[in-house]
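Each remark here refers to the structure printed beneath this line.
Only the coordinates and a few stated rules stand behind these numbers; no lab work does. Keep in mind that this is a model prediction, so the values were computed, not measured. Neighbour counts run over all protein chains shown; Cβ positions are idealised from the backbone, glycine included.
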Amino acid sequence: MAGGHTAAALVAWAAEVRIILAGCENCAYRRARVLRAALCGDYAAVRYRIPRGRDPLGTVAVQPYYAVPLKDGKTEFMFLNPENQVCVRSLFPHLGPNPCWYVRRHRNKATNF
């Protein structure tokens, strides 16, 4: 064979590659199952208010502002009054609004002109 490889060595190598690829598929399948379980559990906690009495929705104060470009290449920022934005207390977005952890990290809401 070309390159000094024997047929037996190539067959053994192909068998090893198949085992590695099968392991990767199994790992991806497990990750998808864990993600699906987390999403379903998170939705159930929001939908059925688990733990009892917890409001699934919250509010976060955000700072909206306008970013207006000027003729000289600079940008003028015009800040508006803070607003309360509704958010959902979960890991993933459910019921429409974004999760509260995401809204807290993105408190400044820009509008570019």
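Points worth noting:
- Backbone N within the stretch 78-93 under 15 Å of label point (7 Å from Val68 Cα along the Cβ vector): 78-81
- For Cα Rg over 2.2 N^0.38 Å, calculated from these coordinates, the label among (i) 1.98; (ii) 1.01; (iii) 1.17: (i)
- With a Förster radius of 25 Å applied to the beta-carbon distance between Asn112 and Asn84, the computed FRET efficiency rounds to 0.65.
- All Cα pairs of the stretch 57-112, percent lying beyond 13 Å: 62
- Per residue, the average separation of C-alpha pairs within less than 8 Å and at least 6 apart gives the stretch 6-84 a relative contact order of 17 percent.
- With the simple model of a label 7 Å out from the Cα in the direction of the Cβ, Leu10 to Cys27 spans 2.8 nm.
- Burial ordering of Cys87, Cys27, fewest other beta-carbon atoms within 10 Å first: Cys27, Cys87
- Only helices enter this figure: runs of n ≥ 4 DSSP H residues, each worth -39500 (n - 2.57), summed and divided by the residues of the chain, yield -14500 deg cm²/dmol at 222 nm to the nearest 500.
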